[in-house]
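Taking it in order: structure first as structure tokens, then the write-up.
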Amino acid sequence: MKMLESDINDLLDKLDGLGSDQEFYAARELGKLGDKLPTLLLKKYQTSRKWQARCSCVFHSIRFARVVDEAVQLGVQALSDKSKVVRYRACMLLACSLNANALSALKELEANATDTETRANAHAAIDAIEHQNSNYFVDRTHSGKVKLEFD
């Protein structure tokens, strides 16, 4: 069954970043769109005023980071978000992508970020990409004991 554009827009509106049952239902339903979802999330990100909604868009694109260019585009755009929580998710998305094309944007963020958390997150994403191991985003000492997993 094909989803109507109005149904898709209603579901996208429920991605508000508040972690409600409604949001999880919407994410599950939108997941049925497969590789088309990151394009929709990129558009929603670009028009969302609330950081929670922007963060949700980035988060729900992570599982597509290695296979859909729009997911990586979203991650790169979100590196310059005003919210450090959104920037954290963007770094995570790019670490999961293992896409070397994101390195220059991450290095720029690492060099210019005004807060230490964002610098550390950018550095961790760079490390993950350079070593082609997304786990290094969360396993910053390379212990092998911490894994980054997404459904």
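Rounded, prolate or oblate for the stretch 1-81? Axes are the square roots of the Cα gyration tensor eigenvalues, ordered a ≥ b ≥ c, and the cut-off for rounded is a/c under 1.5. It comes out oblate by the Cα gyration axes. Projecting the Cα positions of ALA78, THR39, LEU15 onto the charge dipole of the chain (unit charges on Cβ atoms of Lys, Arg, Asp and Glu, taken about the Cα centre) puts ALA78 furthest along the positive direction. The count of lysine pairs in the stretch 5-137 with alpha-carbon distances below 27 Å, taking only pairs 8 or more places apart or on different chains, stands at 25.
Round to the nearest 0.05 the FRET efficiency obtained for GLU130 and VAL67 when R0 = 22 Å and r is the Cβ-Cβ distance.
That gives a FRET efficiency of 0.60.
Does the stretch 30-151 come out rounded, prolate or oblate, given a ≥ b ≥ c as the square roots of the eigenvalues of its C-alpha gyration tensor, rounded meaning a/c under 1.5 and, failing that, prolate meaning a/b above b/c? Taking the square roots of the gyration eigenvalues as a ≥ b ≥ c, the stretch 30-151 is oblate.
Just so you know, all these numbers are worked out from the coordinates, no wet-lab data involved. Please read all numbers here as calculations on a predicted model, not as lab measurements. Cβ sites come from the backbone with ideal geometry, for glycine too, and all protein chains shown count toward neighbours.
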